[in-house]
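**Student:** Pasting in a structure now, in structure tokens, and then I'll have a few things to ask.
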Amino acid sequence: QWNQRNSLLGRLSVSIQLCEAHLTQEVFDQRPLDRFLTHQSTTLFEWLILKVPATGLSDNLDAALLMFKRLDQLGVQLAVDDLGSSPVDLAWLSRLPFRQATLDARLARQHRESPRLLSTACQLLEALDIEPVLMNVDDATIAAQVETVPARHVLGDLYCPALSAPALAEWLDESRLDE
């Protein structure tokens, strides 16, 4: 609807969190996710980012790989969510069509070497052509701890809390007026 109304909101990506069950066949109206999407009122999915939990990358990757490839062919962007929360096979990760991966910035609080670990993870992701995104930067302490981490995108309440669609539209209109 935002695209049809030529709203500024239509220019933004929308991220949807998946769970492991969504990666199995016939979850949406007894259809696989990619088939469900092809029966929607839109044929363009470049705006859609599906966030796959890192924990979902450990089981039945062969079946999931086919689903990921079909979603990628539709133009859906795929992201690994909460990378670092569970073991992930890097060889498999390099074969999957992911464009982004989120890393929890709060890992920097766990011990003294954590910022270096986050930096290394970001460099590894970039080597795999996966864009790292630091999430949960909710206060100045965490922001200071991850200041040297090479991630271009940072999410958290410190920069902007979650907004409803009307509040976001208002914010976009105001920021456009400032240009």
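**Student:** Any idea of the accessible area per residue across the stretch 60-125, 1.4 Å probe, to the nearest Å²?
**Tutor:** Here the residues of the stretch 60-125 average 51 Å² of exposed surface.
**Student:** Roughly how many debye, to the nearest 20, is the charge dipole of the chain about its Cα centre, given +1 on each Lys and Arg Cβ, -1 on each Asp and Glu Cβ, and no other charges?
**Tutor:** Taking the Cα centre of the chain as origin, the dipole is about 320 debye.
**Student:** Would you mind classifying the stretch 93-142 by shape? Square roots of the alpha carbon gyration tensor eigenvalues, ordered a ≥ b ≥ c; an a/c under 1.5 is rounded, otherwise it is prolate if a/b is larger than b/c and oblate if not.
**Tutor:** Prolate.
**Student:** If you don't mind, another one. Over the heavy atoms of residue 38, what accessible area does a 1.4 Å probe trace out, to the nearest 10 Å²?
**Tutor:** 70
**Student:** What is the stretch 65-115 by shape, rounded, prolate or oblate, if you read a ≥ b ≥ c off the alpha carbon gyration tensor as root eigenvalues and call it rounded for a/c under 1.5, prolate for a/b larger than b/c, and oblate otherwise?
**Tutor:** prolate
**Student:** Run lengths n ≥ 4 of DSSP H only: what is the helix-derived mean residue ellipticity at 222 nm for the chain, with -39500 (n - 2.57) per run over all residues, to the nearest 500?
**Tutor:** After summing the helix terms and dividing by the residues of the chain, the value is -9500 deg cm²/dmol.
**Student:** Ignoring everything but the protein chains, give the 1.4 Å probe accessible area of residue 92 in square angstrom, nearest 10.
**Tutor:** We get 50 Å² for residue 92.
**Student:** State the percentage of accessible surface on the stretch 95-179 attributable to carbon and sulfur atoms; use a 1.4 Å probe and exclude ligands, DNA and RNA.
**Tutor:** Exposed carbon and sulfur together represent 52 percent of the surface.
**Student:** Rg and Dmax of the stretch 1-82 over Cα atoms: what are they, in angstrom?
**Tutor:** 13.2, 41
**Student:** Over the Cα atoms of the stretch 112-179, what is the Rg over Rh ratio if Rh follows Kirkwood?
**Tutor:** Value, to two decimals: 1.09.
**Student:** Given the convex hull of the Cα atoms of the stretch 37-90, what is a quarter of its surface area in nm²?
**Tutor:** Projected area, direction-averaged: 4.1 nm².
**Student:** Looking at the chain, I'd like the Rg to Rh ratio, where Rg is from alpha-carbon atoms and Rh is Kirkwood's inverse mean 1/r.
**Tutor:** 0.99
The values are calculated or read from the model by the stated rules, or taken from the named source; none is laboratory data. Only a predicted model underlies this, so the values are computations on that prediction, with no experimental measurement involved. A quick note on method: Cβ atoms are made from the backbone with ideal geometry, for glycine too, and the neighbour counts reach across all protein chains shown. Each accessible area value is taken on the protein alone, full model and side chains, heavy atoms only, with ligands, DNA and RNA left out. Shrake-Rupley method; radii C 1.70, N 1.55, O 1.52, S 1.80 Å.
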